[in-house]
Amino acid sequence: MILAINGLTFKYSSKPILENVDFELKPGELVSVIGPNGAGKSTFIKCINRILEPEGTIKIGQKDAKKMRRNEIAKQISYVPQTPENKFPTTVLDTVLMGRRPHSPWRFSDNDIDKALKSMELLGISDFALKDYNELSGGQQQRVIIARAIAQETNIILLDEPTSSLDIKHQLSLMELLQEIVQTRNVSVIMAIHDLNISARYSDRLVLMDEGKIIAAGKPDSVLTKENIQDAYGVEILVKEEEGKTHIIPLRSL
């Protein structure tokens, strides 16, 4: 396993957000974490990356994450937040280059610049290279931060609602890119996402969370059942198969 989590628990003050979560990630796997608002999806992502400090055990490869330095973790895990922030005036190229910082702490090499440019090309943002990051739209900024994560060249990419600021074309382009990276580079992706149909179409495995616990995990067709969705979301749905993929049609709230 590239990532193994046991007994993950996290509280804000005295309020439990995650309770005794177990999870394993294989190399070359795209996993979507789904669930209603407040289920603990974003907290789960942040705990893996040690943005938050949970109880329990997180092993990256064979190493205990609590015993790893931040720079060491950054060589293994890259992170794309739900709402990227960059208050300082930097160009898009400089922002993407920051993904190379764990590998080149003092000075960026020509190789670093080349990797940054290639990741920008993958995300279709090469034309923005010299623009101020803060002058871009929310969707453009999201693609810049994803390009930074790809340039970081980690074994694991964590994404928190990566499609939320993107139009439908760029949502599909991003998911196709992530799927290609997983399949060709043996990178693993964990993605918190609200869109059940996108998660079902592109994910190898789904993890359904509710009230800080995993209530179902497995292939999309085994997780996206009427019973599971009703229990977690409180809605009635119709489940259909389209092009060999599970498709969810919401009918009514319960």
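Assorted remarks:
- Largest-first principal axis extents of the Cα set of the chain (Å): 54, 41, 34
- Mean projected area of the convex hull spanned by the Cα atoms of segment 121-254, taken over all viewing directions: 9.5 nm².
- A simple rule links phi to the HN-Hα coupling: the Karplus curve 6.51 cos²θ - 1.76 cosθ + 1.60 with θ = phi - 60°, which for segment 192-197 gives 7, 8, 8, 6, 5, 6 Hz, with x for Gly and Pro.
- Summarising the amide proton neighbourhood of Val189: residues at separation of 5 or more, or on other chains, whose placed amide H is nearer than 5 Å comprise Glu29, Leu30, Val31, Ile157.
- Across segment 206-214, computed HN-Hα scalar couplings (Karplus, 6.51 cos²θ - 1.76 cosθ + 1.60, θ = phi - 60°) run 10, 10, 9, 10, 7, 6, x, 10, 7 Hz from first to last residue, x flagging Gly and Pro.
- Distances between every pair of Cα atoms in segment 1-45, grouped in 5 Å steps from 0 to the bin holding the largest one, split as 6, 18, 26, 26, 15, 7, 2, 0 percent.
- Segments 45-55, 231-241, 153-163 sorted - mean Cβ within 10 Å per residue, highest first: 153-163, 45-55, 231-241
- Normalised Debye scattering of segment 46-126 at q = 0.19, 0.22 Å⁻¹ gives log10 I(q)/I(0) of -0.97, -1.13, counting only Cα atoms as equal scatterers and leaving out solvent.
- Couplings 3J(HN,Hα) of segment 132-143, computed from phi: 5, 3, 6, 8, 7, 5, x, x, 5, 4, 4, 5 Hz, in residue order, whole Hz [Karplus 6.51 cos²θ - 1.76 cosθ + 1.60, θ = phi - 60°; x for Gly and Pro].
- For Leu3, nonlocal amide neighbours, meaning residues 5 or more places apart or on other chains whose placed amide H falls under 5 Å from its own, are Leu25, Gly61.
Rule-based calculations on the coordinates, nothing more; no lab input. Only a predicted model underlies this, so the values are computations on that prediction, with no experimental measurement involved. No Cβ is skipped: glycine too gets one built from the backbone with ideal geometry, and neighbour counts run over all protein chains shown.
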